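Below is one structure, written out as structure tokens, with a few remarks after it.
The values are calculated or read from the model by the stated rules, or taken from the named source; none is laboratory data. None of these values were measured; they are calculated from a predicted model. Every residue, glycine among them, receives a Cβ derived from its backbone with ideal geometry; neighbour counts consider all protein chains shown.
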């Protein structure tokens, strides 16, 4: 089937990025969030980010204006019922995602494909709570969406080939590269990345190194563009903890036990950049380590 209209549920960092790339690729986008303020913020962010692409010569001003015109913001989830493809990009909590799909179901067209941008939760389990498990997939973008080239495509046990091919065609139209992942906890990228971050937190917790020395060591010693603790702050410590819990619960292996220090930071509400404090304090001109 041809996909022309894409619904995006959630106008946070990931959802706004997905709306950005979809609109630039020529899709009509219906962007949904429960908050009018968040929708307004997302539209402003998309405008600024495409503007940066214009200033770098990657996008024309005409394409900039056309992309913005393709995005319609709405607080009504039912408005997404006309979409050919829906990408859920809400918070990484399974109960929240299940509730969204449940509310969407009465409004969908028979051919609508449902997908989740989940970074770790079982696609098969999410699909089983809908009326179309054969037309349900994992559609996992990397952050920041406009910059990162990879999209993980995850088939649930019931996903049919037509759905997979349609989603792969969308990824290719975006100019990104699809990677097929099996439906196991955290898929490929986060199965490898988040335990590395968790181990960096253990290294801090056990006093092996300071925040600065750990990040400096991985940047200069392993040629990583960003240190693991800096990266954790960028991702969100609550998201890192949620993924570690999915790995620990889903694979029943103690090597995936979340570091108690990571748990403590999340309990304190120090979630990283989005709350201005995590392993670094971002409230000043320069980030300062908090330990």
Problem - Hits in segment 177-190 (condition: free of Cβ contacts under 8 Å to residues at least 60 places away in the same chain and buried (at least 18 other Cβ atoms within 10 Å of the Cβ)) - result: 178, 181
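Taking segment 231-244 on its own, how many of its residues are surrounded by fewer than 24 Cβ atoms within 10 Å (Cβ to Cβ) and over 16 Å from residue 256 (Cα atoms)? Give the derivation first.
Step one: of segment 231-244, the residues surrounded by fewer than 24 Cβ atoms within 10 Å (Cβ to Cβ) are 231, 234-236, 238-239, 241-242.
Checking which are over 16 Å from residue 256 (Cα atoms) leaves us with 231, 234-236.
Selection size over segment 231-244: 4.
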Problem - Given (1) over 16 Å from residue 6 (Cα atoms); (2) out of contact with any strand residue (DSSP E or B) (no Cβ under 7 Å at 6 or more places or on another chain), number of the condition residue 109 does not satisfy - result: (1)
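Residue 194: over 25 Å from the mean Cα position of the chain (by Cα), modelled with pLDDT of 95 or more and either assigned by TED's automatic domain parsing to the domain that holds residue 121 or buried (at least 18 other Cβ atoms within 10 Å of the Cβ) (or both), yes or no?
Details: over 25 Å from the mean Cα position of the chain (by Cα): no; modelled with pLDDT of 95 or more: yes; either assigned by TED's automatic domain parsing to the domain that holds residue 121 or buried (at least 18 other Cβ atoms within 10 Å of the Cβ) (or both): yes.
Spelling it out, it is not the case that residue 194 is over 25 Å from the mean Cα position of the chain (by Cα), modelled with pLDDT of 95 or more and either assigned by TED's automatic domain parsing to the domain that holds residue 121 or buried (at least 18 other Cβ atoms within 10 Å of the Cβ) (or both).
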Problem - Residues (surrounded by fewer than 17 Cβ atoms within 10 Å (Cβ to Cβ) and within 29 Å of residue 59 (Cβ to Cβ)) located in segment 144-176 - result: 144, 147, 148, 149, 150, 165, 168, 169, 172, 173, 175
Problem - Positions within segment 182-191 being out of contact with any helix residue (DSSP H, G or I) (no Cβ under 7 Å at 6 or more places or on another chain) and more than 14 Å from residue 243 (Cβ to Cβ), in sequence order - result: 182
Exercise for the section: Report yes if residue 208 is surrounded by fewer than 18 Cβ atoms within 10 Å (Cβ to Cβ) and free of Cβ contacts under 8 Å to residues at least 60 places away in the same chain, otherwise no. Expected result: yes
Handout entry: Single unsatisfied condition, residue 264 versus (1) loosely packed, with under 15 Cβ neighbours inside 10 Å; (2) in a helix (DSSP H, G or I); (3) in contact with a helix residue (DSSP H, G or I) (Cβ under 7 Å, 6 or more places away or on another chain)
Key = (3)
